[in-house]
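Laboratory data are not the source of any read-out in this text; all were calculated from the coordinates shown. None of the values given here were measured: they were computed from a predicted structure. Note that each Cβ is placed from the backbone with ideal geometry, even for glycine, and that neighbours are counted across all protein chains shown.
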Amino acid sequence: MELRVEGMSCGHCARAVREAIVAACPGATVEVDLEAGVVTVEGTEDRGAVVRAVRNAGYEVEEEVLGDG
């Protein structure tokens, strides 16, 4: 899943979001694109847990980014 996340502006932000998601969804693979403000999560289908983790880390999920497939 890909989520647009508001408020990430640096490497610390990216690390905080990545660590929060992995803590909530062990085994998930997380990539953060700071420029685009997009977080890609693979290995979990639990969108609610991912969104809660991002919010608990202090960031807001704006929307899910829909892919081509």
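State which residue is farthest from Glu63 (Cα to Cα) when the search covers only the stretch 3-37 and only residues that are touching a strand residue (DSSP E or B) at 6+ places or on another chain (Cβ under 6 Å), among the charged types (D, E, K, R) and surrounded by fewer than 17 Cβ atoms within 10 Å (Cβ to Cβ).
By that ranking, first place goes to Glu31.
Please go through (1) among the charged types (D, E, K, R); (2) within 8 Å of the chain's Cα centre (by Cα); (3) surrounded by 13 or more Cβ atoms within 10 Å (Cβ to Cβ) for Arg55 and return the number of the only condition it doesn't satisfy.
All conditions are met except number (2).
If Thr40 satisfies all but one of (1) assigned to a loop (DSSP other than H, G, I, E, B); (2) among the hydroxyl-bearing types (Ser, Thr, Tyr); (3) surrounded by 13 or more Cβ atoms within 10 Å (Cβ to Cβ), what's the number of the condition it fails?
Only one criterion is unmet by Thr40, namely (1).
Filter the stretch 1-37 for residues that are assigned to a helix (DSSP H, G or I) and not charged (D, E, K, R) and give the result. Before you say what the answer is, go through the steps one by one.
In the first step, residues of the stretch 1-37 are kept if they are assigned to a helix (DSSP H, G or I); the result is 11-24.
Scanning the stretch 1-37 gives Gly11, His12, Cys13, Ala14, Ala16, Val17, Ala20, Ile21, Val22, Ala23, Ala24.
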